[in-house]
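One structure is given below, encoded as structure tokens.
The values are calculated or read from the model by the stated rules, or taken from the named source; none is laboratory data. These figures come from a predicted structure and were not determined experimentally. A quick note on method: Cβ atoms are made from the backbone with ideal geometry, for glycine too, and the neighbour counts reach across all protein chains shown.
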Amino acid sequence: MLVGVRDSGDKPTLDKVVSRISSGYKTVGQMVLEVLRECILTGIFAPGEHLRQEDLAERIGVSRIPVRTALMQLEAEGLVSFLPHRGAVVRTLTVEQVREVYEIRQLLETHALRKSVARMTSARAARLLELGTALDKQHEGGEFVDERIAFYRELYDAQENPTLVKMIEELRGTVGRYLLSLRIEHPVGGHRKLARYAARGDLDAAESHLRDHLDLVCKGIIAVMSEEVEETKTRSQRHKAASG
């Protein structure tokens, strides 16, 4: 697995996101919410970044009201925090919080996997394999996020487990922006392999693959977070030395 900070050229921009999805929503509020959510999940807005309502409203082409409403919804989803005298910022996580999120994800996702595999049908198996193949071919970004959501909803049988899958997606959302703002390369064909295990009812192999995947990603996030902390300390020390 290759871990590092993703080059800025790999990421979309706010303007591109607005252009791509602005015509697909019935209301301005829905559009603004989806634009801001995608910008956070894909790393356009970095953890800790200040989200100025006036600037966002101007760039998206709307008033401040739908921006404010969207930010409040994103706060409820755990993606944004409102800080005194600063306003809205993209929520940051500590290493301990990342570990906790992945511990809970393992519990919930292996449980969802067991329930789903027990009810696997030939139609769902075919759809799951199709989604897994498509996801492995997709580059990270907005479309990757959409296809990942579709894959895991099918894997965990969201139609029969809506509350469970909603909890999983909310947890994934809290760390998803770290994944897409970092350069983390997963094993080739990993999603299709997981889909194949689940489709043929091999629960042990599917669960083992899922646990390994979650462990790998958790360690990758923590490794990069630790590197960033050290880099920040080094820059601070150099600045103090230069000032002295």
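Of all positions in the stretch 125-135, none carries a residue that is acidic (Asp, Glu), more than 30 Å from Tyr197 (Cα to Cα) and part of a helix (DSSP H, G or I).
Every residue, every condition in (1) touching a Ser or Thr at 6+ places or on another chain (Cβ under 7 Å); (2) at pLDDT 90 or above; (3) acidic (Asp, Glu); (4) outside the structural domain of Ile149 (by TED's automatic domain parsing), yes or no:
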{"site": "Tyr178", "(1), (2), (3), (4)": "no, no, no, no"}
{"site": "Ile184", "(1), (2), (3), (4)": "no, no, no, no"}
{"site": "Pro187", "(1), (2), (3), (4)": "no, no, no, no"}
{"site": "Leu194", "(1), (2), (3), (4)": "no, yes, no, no"}
{"site": "Asp212", "(1), (2), (3), (4)": "no, yes, yes, no"}
{"site": "Gly220", "(1), (2), (3), (4)": "no, no, no, no"}
{"site": "Ala223", "(1), (2), (3), (4)": "no, no, no, no"}
{"site": "Ser236", "(1), (2), (3), (4)": "no, no, no, yes"}
{"site": "Ala242", "(1), (2), (3), (4)": "no, no, no, yes"}
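Selection of the stretch 51-88 for residues being surrounded by fewer than 20 Cβ atoms within 10 Å (Cβ to Cβ), touching a residue at least 12 places away in the same chain (Cβ under 8 Å) and out of contact with any Lys or Arg (no Cβ under 6 Å at 6 or more places or on another chain) yields Arg52, Arg59, Gly61, Val62, Arg68, Thr69, Gln73, Glu75, Glu77, Gly78, Arg86, Gly87. With the requirement that a residue be closer than 16 Å to Gly132 by Cα and touching a Phe, Trp or Tyr at 6+ places or on another chain (Cβ under 7 Å), what does the stretch 206-217 give you? Passing the criteria: Ala206, His209.
Pick out the one residue from Arg119, Arg114 that is surrounded by fewer than 17 Cβ atoms within 10 Å (Cβ to Cβ), closer than 16 Å to Arg196 by Cα and in contact (Cβ under 8 Å) with a residue 60 or more places away in the chain. Explain how you work it out, then say what you get.
Details: Arg119 fails: in contact (Cβ under 8 Å) with a residue 60 or more places away in the chain.
After applying the criteria, what remains is Arg114.
Restricting attention to the stretch 29-74, the residues that are under 15 Å from Val175 (Cα atoms) and either part of a helix (DSSP H, G or I) or outside the structural domain of Val18 (by TED's automatic domain parsing) (or both) total 6.
Within the stretch 75-87, restricting attention to residues that are under 21 Å from Tyr178 (Cα atoms) and either charged (D, E, K, R) or in the same structural domain as Lys166 (by TED's automatic domain parsing) (or both), which residue is modelled with the lowest pLDDT? Show your work before the answer.
Looking only at the stretch 75-87, we keep the residues that are under 21 Å from Tyr178 (Cα atoms), and these are 75-83.
Subset that is either charged (D, E, K, R) or in the same structural domain as Lys166 (by TED's automatic domain parsing) (or both): 75, 77.
Values: Glu75: 92, Glu77: 84.
If we take residues in the stretch 75-87 being under 21 Å from Tyr178 (Cα atoms) and either charged (D, E, K, R) or in the same structural domain as Lys166 (by TED's automatic domain parsing) (or both), then Glu77 is modelled with the lowest pLDDT.
Answer yes or no as to whether Leu203 is within 15 Å of Ile104 (Cα to Cα) and at pLDDT 90 or above. Spelling it out, it is not the case that Leu203 is within 15 Å of Ile104 (Cα to Cα) and at pLDDT 90 or above.
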